Amino acid sequence: METIGPYHLGGLNVLLVEDNHHMRRIVRTILNTLGIKNIKEAEDAAAGLTMAQERGTDLIICCWLTDIIDGPEFVKMVRRGKNSRNPYVPIIMLSAFTEKFRIEEARDAGVNEFLAKPVSPKALYQRIVAVIEKPRPFVRTATYFGPCRRRQSMGP
């Protein structure tokens, strides 16, 4: 959207994995406002994992799910699952839980970006732009696969 930034995001195929119906509607509305129309929705991680295997997913937005599989575990399964078709797909995690240890857990699971709820159109757009403009190389170790976790220090 020109009022937020220069990118036209209409060609993106987004998978939204969010357990709360109202939050899914809010995020979908924000994505529509940003010009994104091709949005698949999953209300739990199991459905999200199935949809993530479909070809053409350009971006996954997931929450810190509260069902059997939580957000970090979902991300690990997308990144390292035996049947994962697109382990390099950018993932933005949304969460109302913003304690440092949770952000670090999400980072260590393999998310590209983290966004605190409540979500604003500008903040979500900025995370999508960060994925586009500042892609981080992927790293594989014995215990991790995902975007390089090194970031500029933000202080205490």
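The values are calculated or read from the model by the stated rules, or taken from the named source; none is laboratory data. Since we're looking at a predicted model, the values are computed, not measured. With ideal geometry, Cβ positions are generated from the backbone for all residues, glycine too; neighbour counts draw on all protein chains shown. Heavy atoms of the whole protein, side chains included, go into the accessibility calculation; ligands, DNA and RNA do not. Shrake-Rupley method; radii C 1.70, N 1.55, O 1.52, S 1.80 Å.
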For segment 45-63, which positions are open to solvent by 50 Å² or more (accessible area, probe 1.4 Å) and either of a type outside the set (A, V, I, L, M, F, W, C) or outside any helix (DSSP H, G or I) (or both)? Thr50, Glu54, Arg55, Asp58
Expected single match for closer than 21 Å to Cys63 by Cβ and either open to solvent by 70 Å² or more (accessible area, probe 1.4 Å) or modelled with pLDDT under 95 (or both) among Arg107, Arg140 is Arg107
Please go through (1) aromatic (Phe, Trp, Tyr); (2) outside any loop (DSSP other than H, G, I, E, B); (3) under 28 Å from Thr29 (Cβ atoms) for Phe97 and return the number of the only condition it doesn't satisfy. (2)
Just to be sure, is Asn38 among the polar types (S, T, N, Q) and open to solvent by 60 Å² or more (accessible area, probe 1.4 Å)? yes
Expected output for segment 56-84 (first residue under 21 Å from Gln126 (Cβ atoms), partner acidic (Asp, Glu) and surrounded by 21 or more Cβ atoms within 10 Å (Cβ to Cβ), Cβ below 6 Å, 6+ apart or cross-chain) is Cys63/Glu18
